[in-house]
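Shown next, in structure tokens, is the structure this report addresses.
The values are calculated or read from the model by the stated rules, or taken from the named source; none is laboratory data. Predicted model, so just to flag it, every value in this text is computed and none were measured. Neighbour counts are summed over all protein chains in view; Cβ atoms, including those assigned to glycine, are modelled from backbone coordinates with ideal geometry.
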There are 2 protein chains.
Amino acid sequence: MRAAVFLGERTVECEYRPDPHIVDPADAIVRVGLASVCGSDLWHYRGLTDYVPGSPIGHEFIGIVEQVGSDVATVAPGDFVISPWSYSDGTCPNCRAGMTTACVNGGFIPRDNHSGGQGELVRLPLADGTLVKVPGSMADYSTDILASLLTLSDVMGTGNHAAVSAEVQKGDTVAVVGDGAVGLCGVIAAKRLGAERIVALSRNPSRQRLAERFGATDVVAERGEDAVAAVKELTGGIGVDAALECVGTNQSMQTAIGICRAGAMVGNVGLPHGVEISAPEIFARNVGVHGGTAPVRVYLPELMGDVLTQRIDPGKVFDFRTDLDSIGVAYAAMDERRAIKSLVTVADLF
Amino acid sequence: MRAAVFLGERTVECEYRPDPHIVDPADAIVRVGLASVCGSDLWHYRGLTDYVPGSPIGHEFIGIVEQVGSDVATVAPGDFVISPWSYSDGTCPNCRAGMTTACVNGGFIPRDNHSGGQGELVRLPLADGTLVKVPGSMADYSTDILASLLTLSDVMGTGNHAAVSAEVQKGDTVAVVGDGAVGLCGVIAAKRLGAERIVALSRNPSRQRLAERFGATDVVAERGEDAVAAVKELTGGIGVDAALECVGTNQSMQTAIGICRAGAMVGNVGLPHGVEISAPEIFARNVGVHGGTAPVRVYLPELMGDVLTQRIDPGKVFDFRTDLDSIGVAYAAMDERRAIKSLVTVADLF
């Protein structure tokens, strides 16, 4: 099969790799239709992690079940499925507590299953707990709906996790720090949970417009302490009821903490890089910090319902499209900030 | 009037001070019946803060309204009242969000009102938003009930804030880090919120017994990494659904974070001293940290209901009793760890 392989800093290419096959009776093999590039893939692409050259890459994909192991009961060959970015049994204590990313039997794609989402075939362990079946076939859906379904594999679920972790309530004033694809999906999630006012922190005009399209009522272009002052001014000096931290830098975390009203929660989904949380500062104002690797599997059914009924259209975050042979340009477009997020057609299954 | 005064390291004495009087029409003057010594008073007593010698001290008290300003509508002279440890208007955006300790017009006793709770008379600003009237008169209640009502001024409300911040739910397994008066009240709060299993971390036999009397189902005497291992073992390797951090040291915070299951919340009410929160560590396991200065005024009515119906008896935390003239020994008993918490009879109003 053809699959994206990380070859070294700023080099991801489509190569031929052995087809994956069923290893465990709980496995499924999925033939990928659409895949996408995640902001976290870029960390590897940029050589900022210890990602091993020669490894498969990618963890966001939708496709058709090709084959299932003898224990798999909930999906069958031919089913149209969405895969969350991690696999999980759905039955362990952590899964039952809604933390599928901490499943005691689970793992991450492609680190633990050794096949990447940006490839023609993926072996999914724990298929029953992991894959979510979409009604009908891929051919039944428009490319817009398919793009939105693809975001449920990670980015929309991660934006939702930011909003859920920040405990957004109906009527809240919410701020979203970060205008990447996750932050933009965080705007959708905040609106979906009933936020009345949504402040998007962005200095990029096209992302500002998309944030407004998704439900942002205010845009703040300032950064750092100026951003805190601007959001405070928008909220009568009080701060927001919930802040979504969707970047992972120390500045974005300090901004998220700083713009919270007393008692509010920061929902943190930006992987922390050099972040320092001051215990006395958050204590003094009763600001909480909660979040982490997003258990998108938990949110997938309800978000899928909202996509299929067109209540939400997170697929709009894709502003660059290419195919698997050109996977390198999908990365480059995001790396060079020409694209918010790249959609990769792997096979025409629709 | 007579009142406790901080004179320097390990010296708190009863002295004569001018009677406070109404300064603002929203003020009330309260004649104190019972007061108590808080763990946070000990920080000053031990000379670990910049508390100014000659200052009044104390912020936990119950008593009778002596006089009210012309704007005060909800309490009147003769009323039996509980005062929370901070005053607040109850109407500002932070108060409406449940954060009375961040009231935009509020303040802390005695720092901002200049009269301390360990004294015969206290001037309370914002009396309508602050004081909570107890039905009947002090003479109607047993000394046990009065002691429990006194804890609502701070320590029981603070223990409750730990449990609320940790988001304790019915059926949860909860751990309480800290066996001081706040931690012991945290056990009561966790049980009150429906925790099914409560693990008290304590190595002191009498405190272990009191924790069990309050609802602890398990006791762990280990500290640090051994405590984490012990709690993990008690919970099938998973960790607890909620952890109450009631100490404020770095070790207790690391223990609280370490014993959490993926996705769980640490409710932090121990004033942080040297605490470091590792953003990558809490992110990796989706552990949250939330808490701070406790808005006990918010919890006071419901906790008072539970005290008056004898559903809870937090007054049991008092294991040392003296009077205002002997205030120094009330401090010394706690400082030397001979007492969990000291109750001080200021005037026999009951």
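Details
- Highlighted here are the strands (runs of 3 or more DSSP E) found entirely within the range A:144-253 that include at least 3 residues which are within 14 Å of chain B (Cβ to nearest Cβ): A:240-245.
- When residues of the range A:80-94 are limited to those that are away from every other protein chain (no Cβ under 14 Å) and surrounded by 20 or more Cβ atoms within 10 Å (Cβ to Cβ), the one farthest from residue A:159 (Cα to Cα): A:80
- A search for C-beta distances below 8 Å between a residue of the range B:281-301 that is more than 7 Å from chain A (Cβ to nearest Cβ) and any residue that is of a type in the set (Asp, Glu), counting only pairs 6+ apart in sequence or on different chains, returns B:287/B:281; B:294/B:154; B:296/B:154.
- From B:177, B:168, residue being in contact with a Leu (Cβ under 6 Å, 6 or more places away or on another chain), over 20 Å from residue B:298 (Cα atoms) and crowded, with 23+ Cβ neighbours inside 10 Å: B:177
- Criterion violated by residue A:16 - all others in (1) without any contact (Cβ under 8 Å) to a residue 40 or more places away in the chain; (2) within 22 Å of the chain's Cα centre (by Cα) satisfied: (2)
- Failed item in (1) without any contact (Cβ under 8 Å) to a residue 60 or more places away in the chain; (2) closer than 30 Å to residue B:287 by Cα, with residue A:101 passing the rest: (1)
- Residue within the range B:90-100 that is under 25 Å from residue B:350 (Cα atoms), within 19 Å of the chain's Cα centre (by Cα) and among the small types (Gly, Ala, Ser) present: no
- Test result for residue A:277, closer than 20 Å to residue A:168 by Cα and touching a residue at least 12 places away in the same chain (Cβ under 8 Å): no
- Some residue of the range B:270-279 being under 20 Å from the mean Cα position of the chain (by Cα) and within 8 Å of chain A (Cβ to nearest Cβ): yes
Let's see how each residue does on (1) buried (at least 17 other Cβ atoms within 10 Å of the Cβ); (2) farther than 30 Å from residue A:142 by Cα:
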site	(1), (2)
A:233	no, yes
A:246	yes, no
A:268	yes, yes
A:280	no, yes
A:314	yes, no
A:324	yes, no
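- Residue within the range A:260-267 that is within 8 Å of another protein chain (Cβ to nearest Cβ), in a helix (DSSP H, G or I), at pLDDT 95 or above and farther than 30 Å from residue A:81 by Cβ present: no
- Those residues of the range B:129-143 which are part of a loop (DSSP other than H, G, I, E, B), within 27 Å of residue B:320 (Cβ to Cβ), more than 17 Å from the chain's Cα centre (by Cα) and touching a residue at least 12 places away in the same chain (Cβ under 8 Å), in sequence order: B:137, B:141
- Scan of the range B:319-332 for residues that are under 18 Å from residue B:57 (Cβ atoms) and under 18 Å from the mean Cα position of the chain (by Cα), ordered by number: B:320, B:330, B:331
- Any hit, the range A:305-315, residues being within 14 Å of chain B (Cβ to nearest Cβ), assigned to a helix (DSSP H, G or I), on the phi < 0 side of the Ramachandran plot and among the aliphatic types (A, V, I, L, M): no
- Set A:209, A:223, A:213: member being at pLDDT below 95 and not polar (S, T, N, Q): A:223
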